[in-house]
Amino acid sequence: MTTTNLDKNKSIDIDFNALAVTGVQGLQPYVPGKPIEELERELGVSNILKLASNENPLGASSHALRALLQDPLQGLALYPDGNGFLLKQRLVNVLGVAIKQITLGNGSNDVLDLIARSFLTTGRNAVFSEHAFAVYPIVTQAVGAEAKIALANSVDHAMPYGHDLEAMLALIDAQTQVVFIANPNNPTGTWLTSDELERFMERVPKKVIVVVDEAYFEYVDEAEYPNTMEWVEHYPNLIVTRTFSKIYGLAALRVGYAISSPEIASLLNRVRQPFNVNSVALAAASAALEDEEQVLISAQINRDGLQQWMRACEKYHWSYIPSVGNFICVDMGRNALPVYEGLLQEAIIVRPVANYKLPSHLRITIGTQEQNTRCIDALKKVLK
């Protein structure tokens with residue numbers, strides 16, 4: 001039998017992990033919530049309720065849906081507007097910012113990656129909190145920078161497991177280039193007041209980029225919660241990121257943005273991939289910005305749902321982390337994984353958060369009143 005070069009190559013033992021850059025070698029990929037289709041295949045269940053990924057239970061805005069039936073689908077053979085002019089102009093009108101301050105991303109995760117690639121590298125570090133959004137360590141490590149993780153607030157704090165800004169300040173050193181702050185934080189739902197965050201900004205060295213991730217901004221109904229987008233002119237080192245994936249119901253289309261100084265936006269746009277936001281996403285997001293009613297109704301349903309969950313937790317003596325997002329982290333009082341698996345048997349998908357060092361908690365998206373009731377009843381059954 002003749003041995004070909006292809007056969008010889010198959011026998012060569014190559015350690016491809018060793019060929020990767022150092023940061024990537026030890027990287028753990030982001031694990032998304034279990035899709036409905038996967039649960040159907042695994043367990044053969046139907047009527048599945050997904051409360052795992054903080055999606056809007058109302059779905060997409062009717063304005064966005066109408067926009068999808070128009071021009072974008074007629075131009076699928078054409079590249080999108082690489083500058084996203086129409087969406088940027090809508091953001092200018094709604095937010096009162098300048099067009100040169102905007103960076104568009106394939107979801108706000110994309111913008112976080114742009115920030116890391118623009119400002120972090122080997123020999124530099126990023127500071128963020130324990131239990132903070134999983135993308136921060138991923139983008140930091142991927143570019144070879146060091147992650148400096150501050151201990152979170154104690155369990156008996158008013159914001160248990162939330163950001164301890166003093167602990168974060170203490171970690172900033174001469175090599176620190178970026179600080180990531182999620183407000184409110186995912187997965188805990190905890191938040192920082194305007195006074196707390198402004199005192200922090202005043203003490204951070206001006207050369208350090210502070211990223212305030214406001215993915216859940218539109219859900220928050222607290223008098224002391226800051227709109228940090230209004231601070232960008234005063235703090236040139238501030239970047240604010242937001243998304244259309246949550247309250248606007250466009251998670252499948254992947255579109256988000258950052259507001260920063262024009263100088264920072266220019267840097268981010270230099271490393272941004274051409275056409276990183278597709279035509280369909282640009283059109284839907286532009287239309288969704290006009291649908292104020294969708295935002296108001298979604299926020300009200302979420303407020304009602306949070307109250308419904310907190311009442312249930314108090315009634316059944318379930319400990320939970322106070323939240324202002326569209327989710328709540330409930331402590332199962334034990335390893336949460338078997339409870340998660342039990343809920344899967346009930347055709348309900350929630351999110352275990354052991355990867356956030358919260359092994360006894362499940363993060364549960366706030367749904368409609370009926371969806372919340374179904375999940376609460378299923379949780380009672382599983383916990384028995």
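Please treat every number below as a calculation from the coordinates, not as lab data. Only a predicted model underlies this, so the values are computations on that prediction, with no experimental measurement involved. Here Cβ is always computed from backbone atoms with ideal geometry, including for glycine, and neighbour counts include all displayed protein chains.
Quick notes on this one:
- Note that region 213-229 has calculated 3J(HN,Hα) couplings of 8, 10, 4, 10, 3, 5, 8, 7, 10, 10, 4, 8, 7, x, 9, 5, 4 Hz, one per residue in order, obtained from phi through the Karplus relation 6.51 cos²θ - 1.76 cosθ + 1.60 (θ = phi - 60°); glycine and proline are x.
- Burial ranking of peptide ranges 250-256, 208-214 (average Cβ count within 10 Å, highest at the top): 208-214, 250-256
- Spatially close Lys pairs in region 62-290, defined by Cα atoms under 25 Å apart and a spacing of eight or more places or different chains, total 7.
- Pairwise alpha-carbon distances in region 316-367 exceed 16 Å for 37% of all pairs.
- Derived scalar couplings ³J(HN,Hα) [region 372-377; Karplus, 6.51 cos²θ - 1.76 cosθ + 1.60; whole Hz; x for Gly, Pro]: 4, 4, 4, 5, 4, 5
- Residue exposure sequence - GLU230, GLU42 - by fewest surrounding Cβ within 10 Å: GLU42, GLU230
- Going by neighbour counts of Cβ atoms within 10 Å, the residues SER108, SER46, SER62, SER118 line up, fewest first, as SER46, SER62, SER118, SER108.
- Translational diffusion of region 67-131 was estimated from the Stokes-Einstein equation, with Rh taken as the Kirkwood radius over Cα pairs; at 4 °C and 1.567 mPa s the coefficient is 87 µm²/s.
- For region 281-345 versus region 87-134, the gap between their alpha-carbon centres in whole angstrom: 25
- With eigenvalues of the C-alpha gyration tensor scaled by 5 and rooted, the chain, Å: 30, 28, 26
- Rh by Kirkwood over Cα pairs, then Stokes-Einstein D for region 89-178 at 1.306 mPa s and 10 °C, µm²/s: 108
- Computed from the C-alpha gyration tensor, the three semi-axes of the ellipsoid equivalent to region 62-290 are 30, 19, 16 Å, from longest to shortest.
- Report summary: the helix-based calculation at 222 nm, which adds -39500 (n - 2.57) for every DSSP H run with n ≥ 4 and divides by the residues of the chain, gives -11000 deg cm²/dmol.
- Taking the chain and dividing mean pair separation by its residue count, relative contact order in percent (alpha carbons under 8 Å, at least six apart): 23
- Amide hydrogen proximity for ALA336: with H placed 1.01 Å from N in the peptide plane, the residues at 5 or more positions away or on another chain lying under 5 Å are SER360, HIS361.
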